[in-house]
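These notes are about the structure you will find just below.
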């Protein structure tokens, strides 16, 4: 007979951790399932107090092994086992972590809710609504991710964020929709900054980043103004190349003129008269044109 049978004891060890719920004082102890109490010994002869099982919080919703409880219990054999869990002593730390855990649970519920919304909108074929829901989902997932990361004692429980039906296809589409929206937001922020700096520099016109290029193949080329009067020494071929290279433009006079600016030259196009009015090389950039190039290069304009 083992020690448990000799003493008519059925000892169990319960786990314990910070962040327990309302009755952490009942966890991390050794209990006798036959409701006895007293002292026993571990593998090394250390005396350990044990308590009657009916003194625990078992059977209560917020008690040991209750609703959403993460604890476990294991057989404790006197003279064989070693106590590895102990009652929580720092109740303030426990209460703080418990409240933080509840924030995590609330965020997990919100993630599940938004996944269900994505599923519903996808099934309804509402792509606009699905995109909006996908952004909300990813925002909540990121909020949860960094809350757990920045809170000592918490661990990400992705299993609590899952719902049946939100499969790999929906997950991938939600990620793609969110990336699309985030890219658009980032571009708008960048473009607004560029517009603000140009306005502060008193540069007139409506800026366009990576603008659409007008087909000027049928436009006239004002060589008299460009080369004879201004002495810019720019050929038609060079002017068309400057337009293709342009990463920023300014639209003026209610759309009549579109001025293209690239790293190697600038071209002003008269859309009303279908005419390449002027063109000049980078060596001939004036102060305002240099400012336009400075702003474009500052924000690292690339082809979108």
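The values are calculated or read from the model by the stated rules, or taken from the named source; none is laboratory data. Computed from a predicted model, the values in this text were never measured in an experiment. We place every Cβ from the backbone using ideal geometry, glycine too, and count neighbours over all the protein chains shown.
Brief remarks follow.
- Residue in the stretch 153-162 that is modelled with pLDDT of 95 or more and either in contact with a helix residue (DSSP H, G or I) (Cβ under 7 Å, 6 or more places away or on another chain) or on the phi > 0 side of the Ramachandran plot (or both) present: yes
- For the stretch 245-259, taking the residues that are in contact (Cβ under 8 Å) with a residue 24 or more places away in the chain and under 36 Å from the mean Cα position of the chain (by Cα), the one that is surrounded by the most Cβ atoms within 10 Å (Cβ to Cβ) is identified as 249.
- Within the stretch 166-189, the residues that satisfy the criterion of being surrounded by 11 or more Cβ atoms within 10 Å (Cβ to Cβ), at pLDDT 95 or above and more than 15 Å from the chain's Cα centre (by Cα) are 166, 170, 173.
- Among (1) more than 27 Å from residue 104 (Cβ to Cβ); (2) surrounded by 15 or more Cβ atoms within 10 Å (Cβ to Cβ); (3) touching a residue at least 12 places away in the same chain (Cβ under 8 Å), the one test that residue 129 misses: (3)
- Counted as qualifying within the stretch 228-304 are the strands (runs of 3 or more DSSP E) with 1 or more residues that are touching a strand residue (DSSP E or B) at 6+ places or on another chain (Cβ under 7 Å), in the same structural domain as residue 213 (by TED's automatic domain parsing) and more than 18 Å from residue 210 (Cα to Cα), namely 265-270, 275-281.
- Some residue of the stretch 289-296 being surrounded by fewer than 16 Cβ atoms within 10 Å (Cβ to Cβ), more than 18 Å from residue 194 (Cβ to Cβ), out of contact with any helix residue (DSSP H, G or I) (no Cβ under 7 Å at 6 or more places or on another chain) and at pLDDT 95 or above: no
- Residue within the stretch 69-90 that is part of a helix (DSSP H, G or I), touching a helix residue (DSSP H, G or I) at 6+ places or on another chain (Cβ under 7 Å) and either under 17 Å from residue 160 (Cβ atoms) or modelled with pLDDT under 90 (or both) present: no
- Annotation for the stretch 267-275: at least one member residue is in contact with a helix residue (DSSP H, G or I) (Cβ under 6 Å, 6 or more places away or on another chain) and at pLDDT 95 or above.
Table: residues versus (1) surrounded by fewer than 14 Cβ atoms within 10 Å (Cβ to Cβ); (2) touching a residue at least 40 places away in the same chain (Cβ under 8 Å); (3) more than 28 Å from residue 299 (Cβ to Cβ); (4) in the same structural domain as residue 104 (by TED's automatic domain parsing).
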| site | (1), (2), (3), (4) |
| --- | --- |
| 125 | yes, no, yes, yes |
| 191 | no, no, no, no |
| 194 | no, yes, no, no |
| 215 | yes, no, no, no |
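- So residue 191, is it in a helix (DSSP H, G or I) and in contact with a helix residue (DSSP H, G or I) (Cβ under 6 Å, 6 or more places away or on another chain): no
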